[in-house]
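A quick write-up on the structure given underneath.
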Amino acid sequence: MRDINSGRDTISDLAFNGIVCSDRALRVGVCGPVGTGKSSLIALLCRELSETLSLAVVTNDIYTDEDARLLRAAGVLDADRIRAVETGACPHTAIRDDITANLIAVEELEGDYAGLDVVMIESGGDNLTATFSPALVDVQIFVLDIAGGGDVARKGGPGIERADLLIVNKTDLAPYVGVDRDQMVADAEAARDGRPVIALSRTDRSSIDALTSWIRHQFAHHREGTLVPVDPGPMAAHSHAHSPGDHVHAH
């Protein structure tokens, strides 16, 4: 499909066809349950990367622009570089089922700020099944937190298992919430079949460096035109052990 005004393929079609448009911003989705620290993660990335990369943010809330206002108040970017989408429905609807509002917000930012390098799109807090459409983001980060319980990583789901990066966040809180940090990280790694996991704490410089290095690596591949969005899928691999002809499969 061609845009009749520009004569170029639309962003959605480029993404669906596995082609990366390297002259636009890298789009990074940040997803995860309520309270896992998605907004604070984005604020951290803005502080760490804004001196060397041109950044913008799109937040998603159901009925408010609360996350956008918090980020603006924190002064992590110029206020106009932080835009809000009010989804009016469950957060996954606007990041996977009907991505129109988010695509418009991203494309408006790209139009307003020539040479934009990275746009971070924060999902509203959702459950373990939420993932971004590959037509909306180039890479996606799924965020868990130590305070959510040490067993969460074992529960699986498409984001935990197959997002491009899994963050186990707030690891410095482990002693205070009775969670074995190392075991939770090991469970996360076991669930992901070699995909990257970062155990993150704002008090641990090495974990922050690992995160910013990962973003820079994705950005470099995007600019080279070698980054292809991968869909984690709406469902995790599961078993039909109760059915005749027992089998395990993935969607």
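Computed with a 1.4 Å probe over protein heavy atoms only, the accessible surface of segment 108-218 comes to 39 Å² per residue. Length gained on full extension, N127 to Y63: 21.3 nm, using 0.36 nm per residue less the C-alpha separation. Note on E86: accessible area is roughly 110 Å² with a 1.4 Å probe, heavy atoms of protein only. The fraction of accessible area contributed by carbon and sulfur in segment 64-163 is 48 percent, rounded to a whole number (1.4 Å probe; ligands and nucleic acids excluded). Based on the Kirkwood approach, the hydrodynamic radius assigned to segment 104-241 is 16.2 Å, with every pair of different Cα atoms included. The peptide list 186-198, 143-155, put in order of mean Cβ contacts within 10 Å with the highest first, becomes 143-155, 186-198.
Taking label points 7 Å from Cα along the Cα-to-Cβ direction, E51 and R202 give a separation of 1.9 nm.
Measuring r between the beta carbons of T226 and R195 and using R0 = 25 Å, the FRET efficiency lands at 0.90.
The values are calculated or read from the model by the stated rules, or taken from the named source; none is laboratory data. Being a predicted model, the structure only gives us computed values, none of them experimental. Note that we place each Cβ from the backbone using ideal geometry, even for glycine, and neighbour counts take in every protein chain shown. Side chains included, ligands, DNA and RNA excluded: accessible areas come from the protein's heavy atoms. Shrake-Rupley method; radii C 1.70, N 1.55, O 1.52, S 1.80 Å.
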